[in-house]
Structure formats: C-alpha cells, structure tokens
1. Being part of a loop (DSSP other than H, G, I, E, B), out of contact with any strand residue (DSSP E or B) (no Cβ under 8 Å at 6 or more places or on another chain), at pLDDT 95 or above and among the acidic types (Asp, Glu) is the filter here, so list the residues in segment 46-98 that pass it.
2. Conditions first: (1) in contact (Cβ under 8 Å) with a residue 60 or more places away in the chain; (2) part of a loop (DSSP other than H, G, I, E, B); (3) of a type outside the set (D, E, K, R). Residue 185 passes all but one, so which condition is the exception?
3. Would it be correct to say that residue 114 is out of contact with any Pro (no Cβ under 9 Å at 6 or more places or on another chain) and either farther than 20 Å from residue 46 by Cα or outside the structural domain of residue 182 (by TED's automatic domain parsing) (or both)?
4. I'd like to verify a number: residues in segment 205-229 that are surrounded by 14 or more Cβ atoms within 10 Å (Cβ to Cβ), among the polar types (S, T, N, Q) and modelled with pLDDT under 95, how many?
5. Which of the residues that make up segment 56-82 are closer than 16 Å to residue 133 by Cα and out of contact with any Asp or Glu (no Cβ under 9 Å at 6 or more places or on another chain)?
6. Would you confirm, using the coordinates I've provided, whether residue 261 is within 14 Å of residue 164 (Cβ to Cβ) and out of contact with any Cys (no Cβ under 9 Å at 6 or more places or on another chain)?
7. Give the number of residues within segment 206-265 that are of a type in the set (A, V, I, L, M), over 21 Å from residue 33 (Cα atoms) and touching a residue at least 24 places away in the same chain (Cβ under 8 Å).
8. Go through segment 244-269 and give me each residue that's of a type in the set (A, V, I, L, M) and either assigned to a helix (DSSP H, G or I) or not assigned by TED's automatic domain parsing to the domain that holds residue 231 (or both).
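The values are calculated or read from the model by the stated rules, or taken from the named source; none is laboratory data. All values reported here derive from a predicted model rather than from experimental measurement. With ideal geometry, Cβ positions are generated from the backbone for all residues, glycine too; neighbour counts draw on all protein chains shown.
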Amino acid sequence: MAVKINKKPGNTPLLENKNIEETFNIAKVYIKDESKNPFGTVKDRRSYDIFQEANRLKVDKLVLITSGNNGYSLSQFAKESTVKVVCVVDKNINQEIKIKLKKAVYQVLELNLEHKILRPEELIAFSREKEDEVIWDVTNGYEESYNNIVDEIAQKIPYPEYIVVPLGSGGVFLGIVQELERKGTKTKVIGIGSQNTTHSFADKLSTPWTPYSRALEHYEKIGHSTYRLTEQEIKETYNKFKNIITCEPSSSVVFAALEKHHFKSTDTIVFLNSGKAGL
C-alpha cells in the first residue's frame, strides 16, 4: 500500500541576523533554518525523496552508512510503511546516538569503518535476510534533493554573494553549487568541515571517504571554497554560536567562515543551519 506523507520538507525560514551583521560588519546576514524541517535536519529533504521513490517501486530495504542524522531522518519517513531502514555505523559511534538509532530503525550494524571502504554490494549483502529482497544502498546520491534551497533563498532575497554550508560527504554542498551553476548566478558556496575524518566533536561531519572528492576539487578550482577545522576550532565555534541558533557542533561549524574567509562589508551571506535530527 502506498504511504502518503503529509510532512514534506522545505520552505524553511530565512531569518536575518542583525547581531552577526553588527559584530562582523557585514551588510546582510541570513540564516536558512533547516532545523524547521519535519524531523529537524536538512537531510529530511533527501530522505523524503529516497523514501518516495523506494515506496513507489516497492523496495524492501534501504541500507546506508550514517553518522546518525541521515539514518534517523530516513527511518522517520519510512516508519508508517513496509520499507525497512538498515543503518551501518562505525563501531566507535557515540553510544547515545546508537541507542536512539536502534529504537528508530529496523537494524543497526556496527562495523569498523575507519580503515575500510565498503562497496554497495557489500552493504547490501550485510543487510540481506532473504534471497528475493529488493535492497538499495542509499549512502550517497540524491544530492539534487538540496537544489530547492537555492530557489527558496531566491524567492526571499536577491542572490547572495555567499552561501555557507556544513561539509560532511559533500552532498549538500554539491546540490547547492550545481543549482547555482544552472541558474547562472555569481553566488559562491563555502563548505566548512572537520579535519578529523573520524571521531570528530562535529560527529555528523565525520566522513572517512566520499565519492564527491573530485567534484569538490573541481568546484574549488572555479571559485568556491572549503575549509577544514581543527577540533579546537569546532568547539570554540559551537560555544560561541549555540545560543544564537538551535544547532549541534556539526551545524554550527558554518559560522567559522566569519573568521576563516575574507568577507567584504557589502556582502550578503546566507548561513545554512543544517539542524539537528532527534538524536
């Protein structure tokens, strides 16, 4: 039976922040608040699209490597359906996140992800219980789910000089960059990530491997930017901004751009608050 979802993500608030404008002498600063999506995270946009397609095509299981948000978000869209969500997590994942995931999803598989890149066929084999199950690996892909963020911003304000996003595997960064490219705008995207690929304080940005590394290099060469923060920088940024927005360390990193990047006083900047799933 097809499951109808009333909670469609998107059309999240775009809020001007006078405090940051005055403190850092920048003309216009806005926060695109993705914490207002149905399950509290920008990942809801992608999860919604994955689930709609999987449900329509009668898929039995969806498997993905996750630090938490992607898996939790996907499970919330799938919970009223027959689609099962299997999360593959690093064996050193935060215990609290693991417990919450176990309550939310069909199965949590703990593996050592630090030194091994798992192929899609391996993930599917790990999660298979029956020979005839239809299983999709949805760890990566669907970055076009983030395209609408650009349109939603453009409906409220002229295209900004910069959009600043958290950088984990790079899906959000690429979805936004590619849509800006299609629109022919001069807006540049800044991605802020963690130097630690595993066990970072910004745990949702820990990505031992990404299929988007070549694409990220390409976009850096044509004027977009990425910065990787030390653990100390991540903690300092979180402590400075956690009272300004609803965020976790992995989403507050965007504000490090105010120290890392040279902005002009005439710039308009949109910071993406990627939110915090119910973890």
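1. Passing the criteria: none in range.
2. The single condition residue 185 does not satisfy is (1).
3. It is false that residue 114 is out of contact with any Pro (no Cβ under 9 Å at 6 or more places or on another chain) and either farther than 20 Å from residue 46 by Cα or outside the structural domain of residue 182 (by TED's automatic domain parsing) (or both).
4. 3
5. 56, 57, 58, 81
6. Values: within 14 Å of residue 164 (Cβ to Cβ): yes; out of contact with any Cys (no Cβ under 9 Å at 6 or more places or on another chain): yes.
So residue 261 fits the description; yes.
7. Final tally of qualifying residues: 3.
8. 253, 254, 256, 257, 258
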